[in-house]
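A.B. asks: What follows is a structure written as structure tokens; I'll ask about it next.
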Amino acid sequence: MRSGLLSVPFVQGVGQPPIRRRVFVTLAVFGGITLLTCLLAPLAGSTPVHLSRVFDRSIPFPENVDAQILFIARLPRVLAAALVGATLASAGVVFQALLRNPLATPFTLGVSAGAALGAMLAITFSLSLAVGAISAVPLAAFAGACGSVAIVYGLARARRGGLSTNVLLLAGVTLNSFFSAIILFVQYLADASQTFRTVRWLMGDLDVAGYWPIAAAVPFTVAAFLAFAYLPRSLNLLAVGEDAASSRGVDVLRAQRLAFFSASMATGAAVSVGGPIGFIGIVVPHLVRLLVGADHRVVLPASALFGAAFLVVCDLGARTVMAPMELPVGIVTAMIGGPFFLWLLVRRA
Amino acid sequence: MRAGRSNPGSIAAALSACLTVAFGLFAGGCGGGSTVADSRSAPAHGVVSLVPAVTEMLFAIGAGQQVAGVGSFDNYPPEVRALPRVGALIDPDLERMLSLRPRLVVLYETQTELRTQVESAGIEVFPYRHGSLSDITATLRQIGNGVGRTAEADSLAESIERRIEAVRVRVRGRRLRTLLVFSREPHTLRAIFAAGGSGFLHDMLEAAGCENIFSDLVRDSIQAGTESIIARAPDAVVELRYGTAVEESDEILEARRSWMRMGSLPAVRAGRVHVLVGDEFVVPGPRVAVAVERLARALHPDAFAPE
């Protein structure tokens, strides 16, 4: 059993308020921002919507375009953005700690490349199957994500008793290139319209057109967030080193395995919903660390909340900046995230 | 250490063996192509067309005999299946093209590099550009001129224009607000790509007595978001299906089911979700008149009822 009193004296600096209060204050502030964003974002869009009409009970729903836009188009989108943003940002935190690498993202270990391969195959071969309301592309994407998670884990376990983070990294990076090569190869043989759809999928799209795709992803993300709740102390120690963590009573392999699987599965589910939306998983954790310090007990929940708000705002931009046309949300996150991240790098150097 | 030193040597040996085999295959491949050698000595003749629409035009005006090579995606008329393939928009096979010794190469306007290469080989080019409905008959007349079939091309162009005009007359005064979908993720309403306010799909819709709900967006295609579709409330939805192995009844069932997710859309409530299957809808060639007629018949069946 771990000793709670002995944990992370090197993170909790002298003179800082006790951790419980810091967590509470951070959650309150970030939670407030996220809640406000999620409440306000559905009100803006490419067409004006009058709230008085939306909630006018005298107009039946099939006649009430305002209500249809709000409940069929916007609300599912905002919820999808919040879910995907929270998942990718917190998975980014977990992977950065697990791999002890500030440049790690949820996609570093090949999850998104596996998902992209699955999605691309479903698009190119016009796979026409559906489980309930979930269509072939997200199903194939999730299957691809699971496949790459299994391969990377198998490779990292094969070398020695523990979970070698170096092997994880190298296997992930190699798998990324390998899957990308297969994707390019099949794309080269596919016809132009399928290639176009695949490329468009890779840019990310949160227009989920209903609640079912979100509902399907929720079990995986909830399971991941429950796992994340156990992780922060271990991550604090793992971020320093496996030996340090082990000497302080962390069951290193168990913590690594929990971190790897929960973050990977959640990433797979998120990518199945919205495509591989970049930069959330790397920019949000770093931004949050800049604001609240490096303690994972604060960083992890704060990143989840801020990631949700960040992606909701980016998607709001994606659907309004060029209205009535829509920008792929992955472009917006990278356009905002890219320059910001470079600035961060230069400032830190 | 010693094993480490011997490694580069064995790798080099393996590499050179591979190269030898590869060169052997290459030389064998070159020597075997006797038909290629024949066409090389003959004077330049024939047309290579990378553009399916223009290939169809060439066959439709009786210049099919002149077609010596076609693009990767050509599949109509059936005669093209026996012809050599010379790549397409992103992967044109210049070597194969030159080996066919064509007099004229039909390529996409955007293939500027290929155009320079073909022209430097002394071969004439016909740059093709995707455009509007009227551009189709204009292209037809130009290519007819280019292959010495001016009269045939003119009369075919006139007949296409006549047939489209006849449809316009039939549906005069009708403006059914329509969403024309040419690509969508099956079993859901995601990744919907629709005709924008320019291009031949848009023109076909107008000719068939419809108003494109995205006519204000002057682009050939747009990705239609859920919100914009609900807000623009189409009275009819037309989905185009093309390519191989498309079973019409399955597609209609799938489309009706998928659009039920937007059950409050006027088009869905009125039961006006149509699926049209056929390559003629996406190849802006001589079959475009058939496409316009089918579109108009599907959307305005009463206008075509026998009197």
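A short reminder: the numbers here are calculations on the coordinates, not readings from a lab. Source: prediction; values computed, not measured. For neighbour counting, all protein chains shown are included, and Cβ atoms are generated from backbone atoms with ideal geometry for every residue, glycine included.
A.B. asks: Please go through segment A:111-156 and give me each residue that is facing chain B (nearest Cβ under 9 Å) and either part of a loop (DSSP other than H, G, I, E, B) or surrounded by fewer than 24 Cβ atoms within 10 Å (Cβ to Cβ) (or both), ordered by number.
C.D. replies: A:126, A:127, A:128, A:129, A:130, A:133, A:134, A:136, listed by residue number.
A.B. asks: A follow-up question, please. Check B:232, B:219, B:256, B:269 and return the single one that is of a type in the set (Lys, Arg) and in contact with a helix residue (DSSP H, G or I) (Cβ under 8 Å, 6 or more places away or on another chain).
C.D. replies: Selected residue: B:269, the only one of B:232, B:219, B:256, B:269 that is of a type in the set (Lys, Arg) and in contact with a helix residue (DSSP H, G or I) (Cβ under 8 Å, 6 or more places away or on another chain).
A.B. asks: May I pose another question? Exactly one condition in (1) assigned to a helix (DSSP H, G or I); (2) within 10 Å of chain B (Cβ to nearest Cβ); (3) surrounded by 14 or more Cβ atoms within 10 Å (Cβ to Cβ) is false for residue A:188; which is it?
C.D. replies: So residue A:188 meets the others, but not (3).
A.B. asks: From the residues in segment A:313-327 that are closer than 17 Å to residue A:39 by Cβ and β-branched (Val, Ile, Thr), which one is surrounded by the most Cβ atoms within 10 Å (Cβ to Cβ)?
C.D. replies: Among them, the one singled out is A:313.
A.B. asks: Further question: From the set of residues in segment B:222-270 that are under 14 Å from residue A:68 (Cβ atoms) and part of a loop (DSSP other than H, G, I, E, B), which is farthest from the other protein chains (Cβ to nearest Cβ)?
C.D. replies: B:234
A.B. asks: Is it fair to say residue A:248 is among the basic types (Lys, Arg), within 12 Å of another protein chain (Cβ to nearest Cβ) and in contact (Cβ under 8 Å) with a residue 24 or more places away in the chain?
C.D. replies: No.
A.B. asks: For segment B:182-204, what are the residues that are away from every other protein chain (no Cβ under 12 Å) and either buried (at least 22 other Cβ atoms within 10 Å of the Cβ) or touching a Cys at 6+ places or on another chain (Cβ under 8 Å) (or both)? Spell out the reasoning first.
C.D. replies: Residues of segment B:182-204 away from every other protein chain (no Cβ under 12 Å): B:195, B:198-204.
Within segment B:182-204, B:195, B:200, B:201, B:202, B:203, B:204 meet the criteria.
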